[in-house]
Amino acid sequence: MPEIIAVFDLEGTLCQGGQLIWRAFIKRCYQQRGGIFRIIRYIISQTVLAYLHKLGLRSEQSTRVNAIKGMATLLNGLSRNEMSQFAELLADQVTATLRPDTAGLLKKHRGQGHQVILVSNLFQPLLEAVGRRLGIHHIVGTGLELNSTVYSGRVSTPICNDKQRATMIKQYLRQAGIEVDFGQSYAYGDTKWDKPVLELAGHPVAVYPDEELRAYAQSRSWQVIG
């Protein structure tokens with residue numbers, strides 16, 4: 001019998017930890033030998049890319065993708081153990097900013113036996129730590145390249161963002177052997193980048209949406225929270 005899934009975006013939907021996550025990456029990188037130079041390179045590169053986007057020379061999508069790749073460089077050189085410690089610390093900080101209303105919806109879906117999926121463009125080890133705290137076993141995020149026992153600072157999968165996010169969810173479900181009734185399923189997101197995932201489900205919900213997603217949700221008669 002096909003399963004009902006409930007897909008939750010993390011930042012802005014389940015929690016309010018966007019800036020918190022960025023600051024945590026900077027702090028962790030600063031603690032590494034030579035980390036200050038990686039931070040400077042990261043900030044300069046992201047400033048240049050943002051300026052090129054403002055001039056119309058780069059798309060917003062490519063700018064976002066490169067921002068995530070840049071964040072991966074801040075984790076270059078971390079061992080498995082160091083990554084695990086960082087992930088656990090960050091998960092504690094992120095879950096401390098859970099939105100009570102969407103956290104309540106998550107609990108409701110779990111109580112109904114739905115298969116809950118946590119999705120984000122963040123990195124898989126970090127999402128898995130958050131998932132353990134929330135009782136979520138299905139995690140779809142951006143992979144990090146691991147060379148033996150040390151992270152390289154590069155991603156190992158496509159960035160889990162925009163249309164790619166919906167593709168990666170379907171790939172995950174197929175590989176896990178989970179047959180889904182998408183018409184009866186739910187999806188929750190807060191930005192225009194979540195539209196491809198929201199459109200997968202028969203019950204899409206815009207949670208504290210940005211202006212573009214709010215207008216789109218209202219035009220499609222989707223439920224809006226916040």
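The values are calculated or read from the model by the stated rules, or taken from the named source; none is laboratory data. These numbers were taken from a predicted model, which means no experiment stands behind them. Here the Cβ is made from the backbone with ideal geometry for all residues, glycine too, and neighbour counts use every protein chain on show. Areas reflect the complete protein model, heavy atoms only, side chains present, ligands, DNA and RNA absent. Shrake-Rupley method; radii C 1.70, N 1.55, O 1.52, S 1.80 Å.
Using Cα atoms only, what is the angle between the long axis of helix 35-54 and the major principal axis of the chain, expressed in degrees (0 to 90) to the nearest 10? Here the helix axis deviates by roughly 60 degrees. For segment 1-140, the convex hull drawn through the C-alpha positions has a volume of 121 cubic angstrom per residue. Principal-axis analysis of the Cα atoms of the chain puts helix 60-73 at an angle of about 60° to the longest axis. Placing a pseudo-label 7 Å from each Cα along the Cα-to-Cβ vector at residue 224 and residue 32 gives an inter-label distance of 4.2 nm. Distance between the C-alpha centres of segment 1-73 and segment 95-160: 16 Å, rounded to the whole angstrom. Counting Lys and Arg as +1 and Asp and Glu as -1 over every other residue whose Cβ lies under 13 Å from the Cβ of residue 9, the net charge comes to -1. Using the Cβ of residue 188 as centre and a radius below 11 Å, the other residues enclosed give a net charge of -3, where K and R count +1 and D and E count -1.
Cβ under 15 Å from residue 101's Cβ, residue 101 left aside: what net charge do those residues give with Lys, Arg +1 and Asp, Glu -1?
Details: positive: 99, 107, 108; negative: 9, 190.
That works out to +1.
Keeping the other protein chains in place, figure out the carbon and sulfur percent of the accessible area of the chain, with a 1.4 Å probe. Numbers along the way, then the final one.
Values: 5860 of 11270 Å².
The C+S portion of the solvent-accessible surface of the chain is 52 percent.
In the structure displayed, which of 27/108; 27/195; 69/108; 69/163; 27/107; 27/54 lie more than 26 Å apart, Cα to Cα? Exceeds cut-off: 27/108; 27/195; 69/108; 27/107; 27/54.
Under 11 Å from a point placed 7 Å out from the Cα of residue 52 along the Cα-to-Cβ direction: which residues of segment 154-195 have their backbone N that close? Within reach of a label on residue 52, which here means backbone N under 11 Å from a point 7 Å along Cα→Cβ, segment 154-195 contributes nothing.
Relative contact order of segment 157-226: 26 percent, from C-alpha pairs under 8 Å at least 6 residues apart in sequence. Relative to the dominant Cα principal axis of the chain, helix 100-111 is inclined by about 60°.
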